[in-house]
Amino acid sequence: METRGPRHWALAAFFALFVLFLYGPTVTIVILSFQGPDGGLTFPMRGVSLHWFANLFQKQMVGDFAGSFRRSLALALIVMGLTVLVALGAGLAFRRRFFGATALFYLTIASLIVPSILISLGIGLMFNVAGLPPAWWSSALGAHLTWTLPFGVLIMFAVFNRFDHALEEAARDLGASPWQGFRHVVLPLIAPSLIGVALFGFSLSYDEFARTVMAAGSDNTLPLEIFAMTTNVTTPVLYALGSLTTAFSLAIVVAVVLVVLAMRRRGTAHAP
Amino acid sequence: MSSLPRDALTGAAIAAPPDGAAVLPRARGRRLAAALPYLQSLPLWLVMGVFLLIPILTIVAVSFWDDQEYALVPTFILDNYREVLTSRVTWTTYLSTLRYAAIVWAATLAIGFTVAYFLSFHVRSALWQMVLFQLCAIPFLTSNVIRMISWIPFLGRNGILNRTLMALGVTDHPLEFLLFSPFAVVLAFVHLYTLFMVVPIFNTMMRIERSLIEAARDAGAGPVAVLRHIVVPLSLPGIAIGTIFVVTLVMGDFVTVQMMSGGQSASVGLMMKNQISLLQYPVAAAQAVVLLATVLLMVWAILRVVDIRREL
């Protein structure tokens, strides 16, 4: 619609710089994580090696990298499952008017904009007052859900706003029970979006820091472990860990995109 | 509300055959249909109630409590608020946090608006639009802590920026203010949160009728007039949503300020976190209530200026 004049190329250049700004620093620490054994936290590279990655898996390393990774992974999977189920239920409910719907919606949005430190402190205090020990699978799980669910609910909201109700009515006219209509018509149509919600649930939980910090109890999640490392580790092992966990996050994103693309292809293949 | 027949998921129960035998299941079906939204939304109520509402009520309660020898004593005193509100540190910290919020807001808005504008009006193919948009959104799914760490090689004393500046002859000694400074804090904030501007602004821009712009152009409007009279006004809801995100994130932040300023800069969140580390829970709770009130006031003010209901 625009003529590709100098304005267009100036904007394109600005966008390219923005992408460089977004990804440049991460690419830099990936490169620096391959530092030689004598290398430091900044350039120049003193040789190229896998020394710091090997260092990461040695026993004497500060902190509990393997344990915190296992906890973060388990927590992210639980949060993912719960986020999908709860957001789907709420998404279905919000299609109709019910008493308290508006309050619930605003409460969910509020969960997004209440400062993370308040959630963290509040949950920590609640467990303290109740005399319960905070743990990653209880208090931190709840803290993560306050962060993942608003995104899940907003995605389901957008999905059902665009959903063509005629399809469900057609299924009903053909004699489908409500459950059959849901299982065979609604679910396949919203499946890619549900996978998107799952991706958000997993990734946001796996990387969550601010809401977890006072709600994790004695066993750290991975982001807490990494944060603790930043204060006492001054070698590229920090970058090695950063590169690995970022690669893991990106691998999840790529896997999800591929699955959704494959589903879409299968969907169009069935169509005449 | 339960008397209205509902379509959608359980509608079939309502549409059951009208013979006498079906009366009972039909009534039951109708009751189920009326109860269904409550059952479906119950889990969300539970999570938000237990992990958002009760914790905030706990904070409010504890802000009136006393603590003796690190144990909480339920009572009703105003000392915590007095301590928070009469301390000079509180006010200077709020001032510096508000300054961060203002600078980061201006920067993320300028960058976010430009990026969203490019994506929605200058990228022609829908496929490329999606690909480039995702490219901007993906970092959101990676770790904030690591994205902050990744500035060290750039901003450090021997970092890329200092070496470049020295090579260019801009300076003859490494600039110390790059890492662990307010500058680094702002840079990290902009790096982390511009996305929260790009996404809502892009969404509203994509909904602007393209014929409107063509009509304006046909009527003789130049690119600046189109931007000023059509694109900016119609993007306001997206700008407001992005503003709410960025402002609330910066106001409540403690990680970024702690990591990027190396402890040399203060923020309200960091001040709270320090009180919590000292186990001064009631004072931290009072601080939290004041912060929550401030943030809600700011959100309310933004919503007074721009109506975002169309976006929800």
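Given the options A:PHE163, A:PHE182, A:PHE151, A:PHE157, name the one that is touching a Phe, Trp or Tyr at 6+ places or on another chain (Cβ under 6 Å), surrounded by fewer than 23 Cβ atoms within 10 Å (Cβ to Cβ) and within 11 Å of another protein chain (Cβ to nearest Cβ).
A:PHE151
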Item to check | Failed item, numbered, when B:ILE77 is tested on (1) assigned by TED's automatic domain parsing to the domain that holds B:VAL186; (2) in contact (Cβ under 8 Å) with a residue 12 or more places away in the chain; (3) not in a helix (DSSP H, G or I) | outcome: (1)
Checklist entry - Which residue, of B:ILE208, B:ILE201, B:ILE241, is of a type in the set (Val, Ile, Thr), in contact (Cβ under 8 Å) with a residue 24 or more places away in the chain and either assigned to a loop (DSSP other than H, G, I, E, B) or touching a Lys or Arg at 6+ places or on another chain (Cβ under 7 Å) (or both)? => result B:ILE208
Next on the checklist: Anything in the range B:116-128 that is out of contact with any helix residue (DSSP H, G or I) (no Cβ under 6 Å at 6 or more places or on another chain) and surrounded by fewer than 20 Cβ atoms within 10 Å (Cβ to Cβ)? List them, or say none.
Outcome noted: B:ARG124, B:SER125, B:ALA126, B:LEU127, B:TRP128
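Working carefully through the options B:LEU270, B:LEU278, B:LEU303, find the one that is more than 10 Å from chain A (Cβ to nearest Cβ) and more than 15 Å from the chain's Cα centre (by Cα).
B:LEU278
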Checklist entry - Do we find a residue being at the interface with another protein chain (Cβ under 7 Å from one of its Cβ atoms), without any contact (Cβ under 8 Å) to a residue 12 or more places away in the chain and within 27 Å of A:ALA247 (Cβ to Cβ) anywhere in the range B:116-136? => result yes
Checklist entry - What number of residues in the range B:104-115 are in contact with a Phe, Trp or Tyr (Cβ under 7 Å, 6 or more places away or on another chain) and touching a residue at least 24 places away in the same chain (Cβ under 8 Å)? => result 4
Item to check | Selection count, the range A:40-72, where residues are surrounded by fewer than 16 Cβ atoms within 10 Å (Cβ to Cβ) and outside any loop (DSSP other than H, G, I, E, B) | outcome: 5
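Which of the following residues is surrounded by fewer than 16 Cβ atoms within 10 Å (Cβ to Cβ) and assigned by TED's automatic domain parsing to the domain that holds B:GLY238: B:TRP91, B:TRP151?
Of the residues listed, the single one that is surrounded by fewer than 16 Cβ atoms within 10 Å (Cβ to Cβ) and assigned by TED's automatic domain parsing to the domain that holds B:GLY238 is B:TRP91.
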Item to check | Matching entry among B:GLN134, B:GLN129 (being in contact with a Leu (Cβ under 7 Å, 6 or more places away or on another chain) and in a helix (DSSP H, G or I)) | outcome: B:GLN129
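The values are calculated or read from the model by the stated rules, or taken from the named source; none is laboratory data. Keep in mind that what you see is a predicted model, and the values were worked out from it rather than measured. Glycine also receives a Cβ, built like all others from the backbone with ideal geometry; neighbour counts cover every protein chain displayed.
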